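First the structure, in the form of structure tokens, and then the observations on it.
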Amino acid sequence: MGRWEGKTVIGLTGNIATGKSLVRRMLDHLGAYTIDADGLAHQVMAPGAPAYKPVIVTFGQWILDKDKRIDRSKLGAVAFSHPEALARLEALTHPIIGQAIDTLIRRTRHKVIVVEAIKLLEGQLTDKVDVVWVVDATEEQQAQRLAKRGLSPADALKRIRVQNPQSDKLARADVVIDNNGTPENTWAQVRAAWSKIQGAAEDEAAQTQVQRVQVTPSTATADKMAISSLDIMRGMPKNADLIAKLLHERTGRMLSKDEVLMAFGQKSYMLAMVNSTPVGLIGFLVENLITRVDEFMVTSRAPVSPVATALIEAMERASRELQSEVGYVFLPDNEKAETIQAFLQLGYEKTRLDEIKVPAWREAAREAQPSGTQIFAKKLREKRVFKPI
């Protein structure tokens, strides 16, 4: 047992585009509390955050965009081209990130925590975690994934080769996840390694528990079913067919098995069930202390209000368990009034990007908002991890 008594902390690492985030989110589905240390680095450099001014003083005003935010592409162009510059950037940000990680781990009730960090083994975290997982992929796979993010082949190779050799990480790994194959193959490896971790069974049991929600009984009509209770359950790969069915009803497109598994690598799902029949779904991502909901639906046969309320409240409970500070919901511009009303009744307020005052929150909403959607926001907790300065 390492620094955090009563908890098993997995250090998850691997070089760029090997698939660390996919594995982290798979572990999140299984019940671990997960932390994206590299994502926290973005928050500590947001305007007003602790590393914002030191980074500007070190690298110059030229790294700012027109809104006075640090342009990560400009900063990255310097940091990833010059090892000395990368070392200076890490010296400014890593101590702050380390303090935040320590706070989050001590607060969570989870027994298993995952900290994803590309520089895990090169920094102080390596001596604090209990076990090291390394996600591996070939350089060809890395380059293909970076190309999908918009990098040119030359820039992709530069990003890959400026890092310490992947072989150094593999030599220190307790667990290696080979992410060269299909999502299903990666999931099988993650599932097998997870089952051997102390505390994993307890966290998974809490994650997969079905919650029975009593609702005001509704009367069946010609087009709506009658319900008096709902079962709310976490979407898992084992019920991927149910999720695919709901998404097909919503979009008209049937997802393949690999597409559903990849969706699990991008977000979490909650399902509402009536007598084993799915009647609603909410898809959300909790990352860097911010919740983003980009999928929501109630089937045409179910009454909207009770199903929507149960799903929203379940999503909020899960978000607070993950210490989320704020929730953003992106609903289509033509969303039904009933759905919008359900969010409004639970304290969400319609907002615009320019009305979001916290820079890190505004940036997260900006990056996540799909086109053709409106934003609804709700503060989920008062005390923030990164206090403004």
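Numbers below:
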item	result
Segment 269-301 - residue that is among the small types (Gly, Ala, Ser) and surrounded by fewer than 23 Cβ atoms within 10 Å (Cβ to Cβ) and, of those, farthest from Asp241 (Cα to Cα)	Ser300
Tabulated pairs, segment 234-248, first without any contact (Cβ under 8 Å) to a residue 40 or more places away in the chain and over 16 Å from Leu311 (Cα atoms), second surrounded by fewer than 18 Cβ atoms within 10 Å (Cβ to Cβ) and among the small types (Gly, Ala, Ser), C-beta under 9 angstrom, 6+ apart or interchain	Ala244/Ser256
Odd one out for Gly280 among (1) of a type outside the set (A, V, I, L, M); (2) at pLDDT 95 or above; (3) in a helix (DSSP H, G or I)	(3)
Criterion (part of a helix (DSSP H, G or I) and either modelled with pLDDT of 95 or more or not aromatic (Phe, Trp, Tyr) (or both)) met by exactly one of Arg320, Arg301	Arg320
Val329 vs. criteria part of a helix (DSSP H, G or I), under 27 Å from Asp36 (Cα atoms) and free of Cβ contacts under 8 Å to residues at least 60 places away in the same chain	no
Residues satisfying the stated conditions in segment 1-14, i.e. surrounded by fewer than 22 Cβ atoms within 10 Å (Cβ to Cβ), closer than 25 Å to Thr208 by Cα and among the small types (Gly, Ala, Ser)	Gly6
Matching residues, segment 332-345, being of a type in the set (Asp, Glu) and either assigned by TED's automatic domain parsing to the domain that holds Ala46 or in contact with a strand residue (DSSP E or B) (Cβ under 7 Å, 6 or more places away or on another chain) (or both)	Asp333
Residue check, Ala17 surrounded by 15 or more Cβ atoms within 10 Å (Cβ to Cβ), more than 15 Å from Ile97 (Cβ to Cβ) and at pLDDT 90 or above	yes
Residues of segment 346-375 that turn out to be touching a Phe, Trp or Tyr at 6+ places or on another chain (Cβ under 9 Å) and either not in a strand (DSSP E or B) or not assigned by TED's automatic domain parsing to the domain that holds Glu325 (or both), as a count	10
Thr251 being within 30 Å of Asn185 (Cα to Cα), under 26 Å from the mean Cα position of the chain (by Cα) and at pLDDT below 85	yes
Members of segment 12-64 that are in contact with a strand residue (DSSP E or B) (Cβ under 6 Å, 6 or more places away or on another chain), of a type in the set (D, E, K, R) and in a helix (DSSP H, G or I)	Lys20, Arg24, Asp28
Candidate set from segment 79-113 (those that are within 30 Å of Ser319 (Cα to Cα) and of a type in the set (Ser, Thr, Tyr)); member that is surrounded by the fewest Cβ atoms within 10 Å (Cβ to Cβ)	Thr103
Residues satisfying the stated conditions in segment 80-95, i.e. part of a helix (DSSP H, G or I) and farther than 14 Å from Glu122 by Cβ	Glu84, Ala85, Arg88, Leu92, Pro95
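The values are calculated or read from the model by the stated rules, or taken from the named source; none is laboratory data. Model, not experiment: these values are computed from the prediction. Quick reminder, even Gly has a Cβ in these numbers, built from the backbone with ideal geometry, and neighbours come from all protein chains shown.
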